[in-house]
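> First the structure, which I've put down as structure tokens, then a few questions once you've had a look.
The values are calculated or read from the model by the stated rules, or taken from the named source; none is laboratory data. Because the structure is a prediction, the values reported are computed rather than measured. Using ideal geometry, Cβ is built from the backbone for each residue, glycine included, and neighbour counts are taken over all protein chains shown.
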Amino acid sequence: MKKKHKIILVAVLIIIVSFVVREIGIIDVNLYKSQSNTTYTQTMAKQGNTSGSFTVVINWEPGEHASDAANENVITANLTELKVAGNTWLPFYKNANASYHFEYSTHSGNISGDLKGQVAMRVSGLCSRRKLVELIKKDVEKRINQYFQQQLKGK
């Protein structure tokens, strides 16, 4: 009977260690289904020439502003705040809420403003916290690009 208990204890420890190692990011195994809902508010100031096509550069590092965006048709969006909350450490079900704030502008300031928003994301299956944050960032990038396409199309 002691040998059986030791085998069960070792199996449980292996399972726990594998979940911890996966969550930390040493092992990247993901098999999930996700749903998201995004809301945002924005302000935009336009001055001078805003015609042409624009490229959006998103900088995810707070405080580090991209300096290579000297081209006037590049809108640089700099993250000022990203907060992820919720049950992001559960192994098979994650329910997270994230809030974000970006300030954006062109090199000359013809276009400037800020974007604030929230993302609610549910993920079921094998998904690490790191992958969850990556999914949130992809959703935010998609919404930001859609916003600029709507605001600047045909102008």
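> Looking at the range 79-97, which of its residues are assigned to a strand (DSSP E or B) and in contact with an Asp or Glu (Cβ under 9 Å, 6 or more places away or on another chain)?
L79, T80
> Another question, if that's okay. On the basis of being at pLDDT below 85, charged (D, E, K, R) and either touching a strand residue (DSSP E or B) at 6+ places or on another chain (Cβ under 8 Å) or over 19 Å from Y40 (Cα atoms) (or both), does E61 make the cut?
Yes, satisfied.
> Quick one: in the range 115-155, of everything that is assigned to a loop (DSSP other than H, G, I, E, B) and not hydrophobic (A, V, I, L, M, F, W, C), which residue is surrounded by the fewest Cβ atoms within 10 Å (Cβ to Cβ)?
Within the range 115-155, the match that is surrounded by the fewest Cβ atoms within 10 Å (Cβ to Cβ) is G154.
> Right, something else. Which ones in the range 100-114 are outside any strand (DSSP E or B), touching a residue at least 60 places away in the same chain (Cβ under 8 Å) and among the polar types (S, T, N, Q)?
Across the range 100-114, the qualifying residues are S108, N110.
> If you check T76 against the conditions, is it crowded, with 19+ Cβ neighbours inside 10 Å, free of Cβ contacts under 8 Å to residues at least 60 places away in the same chain, closer than 30 Å to S18 by Cα and not aliphatic (A, V, I, L, M)?
no
> So, one more: Hey, can you tell me all the residues within the range 87-110 that are of a type outside the set (V, I, T) and within 24 Å of I15 (Cβ to Cβ)?
Hits for the range 87-110 are N87, W89, L90, P91, F92, Y93, K94, N95, A96.
> Can you tell me which residue is nearest to S34 (Cα to Cα) among those in the range 83-96 that are touching a residue at least 24 places away in the same chain (Cβ under 8 Å) and under 13 Å from the mean Cα position of the chain (by Cα)?
A96
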